[in-house]
Structure formats: C-alpha cells, structure tokens
Amino acid sequence: MKIAKLLSLFVLLSAVSACSSINYNYSGKTELFSEPAINEVQEASVGDYMLNQGRRVTTEFLTLSHLIDGVAYDIPPGSYIRIGDYKGNPYFSTTNTKGQSVVYLPGFIDPPIALHTKKDNEVCVTSVSYQSASCYDGQMRVEELSARDNQSVQQTLIYSGSVGKKINISYREFNDGLARDAFTNDVEYDMGESNIIGYKGARIEVLDYDNRTIKFKVLKHFRDDFSYEIKPKTK
C-alpha cells in the first residue's frame, strides 16, 4: 500500500459509521442432481457411468473481476462465499475460493471480517470493530455457484461389459469422495429375459450392447428429484 493511502486513512476513519453484528445464519440451497436425463438415448463405454445421482450445493458468492487497490484494504479478484447478512443485505467472507485474503496493514488498520455491497459496483469492508471501514468502486457481481456435495452419498451405476447375452453392471456409492466398500456390488443381467434392468429403484432400458459399449435410456433414477434447504450452524 502507498504512503498516500495511509495519510488519506485518517480522513476516512473520521467518517465511519457503526454497524451491528452480522447474522451468520445464511442457508445454502442443496438439491439432488440426476444424470443423465430421463428417456434420452445415451451411450457409455466400459467403465463409464450409466447413471449418477447425488447432491449439489448452490451458494451465493461475491465475485470481483479485478484487484481493488483501496486506501485501507486491497481486495484480490475472485469469488467470496456468503457467510451471513445484516438488515437483509448479504455479507461475504474476506477470503476467496483461491485462498487469497483481503490485505491490510496490521497495527494501523482494523482486521477485516466481511465484505458487502452498498450499491451497484461498490464493495465495502466491515472490520473487526464492526464499522464500515471503507467502500470502493469495482467491477463485481453477486452470483450463485454450484458444486457437488462430497459429504453426501453419491450413487452410480457403471457399465462393466458383456459376455454373450449377459451384461455386467457395477453399483458404487461414494461418501466424502471415497467409495463405500460395504455398498459396492457387481450385478449380471440376462438380456434374453428382459432388456429392462433395475437396481435400488433405478430402471434402465437397454437398447444395444457389446463388450465395449452400451446404448440405453434411463427410465427412473434411484430417487425422485427434490430440493431442500440446509441451514449451517449459527456462529
């Protein structure tokens, strides 16, 4: 930071206004994802997923397109996850998804605890003393981003090839990104009896197959689609 910034800071501090405590009760939205779509012709090779179902978490982020070189704080570009709200306005973390944090001069500047937007293209920093320390113009947007929830169970069916008129399907469950051995199973289906196969509620119509690939349509996923809210613990 430049010396001129520090000189300007004393003028800035005289104009700060008090801010009540942030309410850390933001609820991220979690929903079930089901791949592929119902009744669409698909093709999978040996080892590929035929059916994949789990949960994804959608969370609000403040995304800055460039560095904000401020008087009291420097805010790196990137996406900052929402952590709470105050008077209906969202507040965001001071560390982005790349692990970069808001930069300040310890001993001279209050440590930042949150970011928020005051108006279009204006980003504000809330400090540990709960004062609106500084607001800066910048190119930014508030958006929702989704990621798979590795803490939930993910269910999959995998094509494992064929022998004659029989096809082999592997069922796998994953939790925390790791396979659950107790919930792993290999199943053989006789296409001479029926071209409709099922496992744990899922139903698949087999259209064609050989020892390398399979064409199919998903008739039903493991579970019906639903969505609900997850409420994190109040800090």
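Any idea which of Tyr209, Tyr159, Tyr136, Tyr171 is modelled with pLDDT of 90 or more and touching a helix residue (DSSP H, G or I) at 6+ places or on another chain (Cβ under 8 Å)?
Going through Tyr209, Tyr159, Tyr136, Tyr171 in turn, just one is modelled with pLDDT of 90 or more and touching a helix residue (DSSP H, G or I) at 6+ places or on another chain (Cβ under 8 Å): Tyr171.
Scan (1) over 24 Å from the mean Cα position of the chain (by Cα); (2) assigned to a strand (DSSP E or B) for the single condition Pro90 breaks and write down its number.
The one condition Pro90 does not meet is (1).
For every residue, the table says whether it meets (1) buried (at least 18 other Cβ atoms within 10 Å of the Cβ); (2) among the aromatic types (Phe, Trp, Tyr).
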| residue | (1), (2) |
| --- | --- |
| Glu31 | no, no |
| Gly54 | yes, no |
| Leu62 | yes, no |
| Ile83 | yes, no |
| Tyr91 | yes, yes |
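For the range 47-61, how many residues are of a type in the set (A, V, I, L, M) and touching a His at 6+ places or on another chain (Cβ under 8 Å)?
Going through the range 47-61 one residue at a time, the tally reaches 1.
Give Thr63, Thr30 a once-over and let me know the one that is in contact with an Asp or Glu (Cβ under 7 Å, 6 or more places away or on another chain), among the polar types (S, T, N, Q) and at pLDDT 90 or above.
Of Thr63, Thr30, the one residue that is in contact with an Asp or Glu (Cβ under 7 Å, 6 or more places away or on another chain), among the polar types (S, T, N, Q) and at pLDDT 90 or above is Thr63.
Residues of the range 141-154 being part of a strand (DSSP E or B) and either at pLDDT 90 or above or acidic (Asp, Glu) (or both), which ones?
Matches in the range 141-154: Arg141, Val142, Glu143, Glu144.
So which of Lys29, Lys119 ends up being over 17 Å from the mean Cα position of the chain (by Cα) and of a type in the set (D, E, K, R)?
Just one listed residue meets the conditions, Lys119.
Within the range 179-221, restricting attention to residues that are among the aromatic types (Phe, Trp, Tyr) and part of a strand (DSSP E or B), which residue is surrounded by the fewest Cβ atoms within 10 Å (Cβ to Cβ)?
Tyr199
Which residues, counting only those in the range 64-81, are buried (at least 17 other Cβ atoms within 10 Å of the Cβ), of a type outside the set (A, V, I, L, M, F, W, C) and assigned to a loop (DSSP other than H, G, I, E, B)?
Gly70, Tyr73, Pro76
The values are calculated or read from the model by the stated rules, or taken from the named source; none is laboratory data. Note that the coordinates shown come from a computational prediction; the quantities given were computed from them, not determined experimentally. Methodologically, a virtual Cβ is constructed for each residue, glycine included, from the backbone with ideal geometry; neighbour enumeration extends over all protein chains shown.
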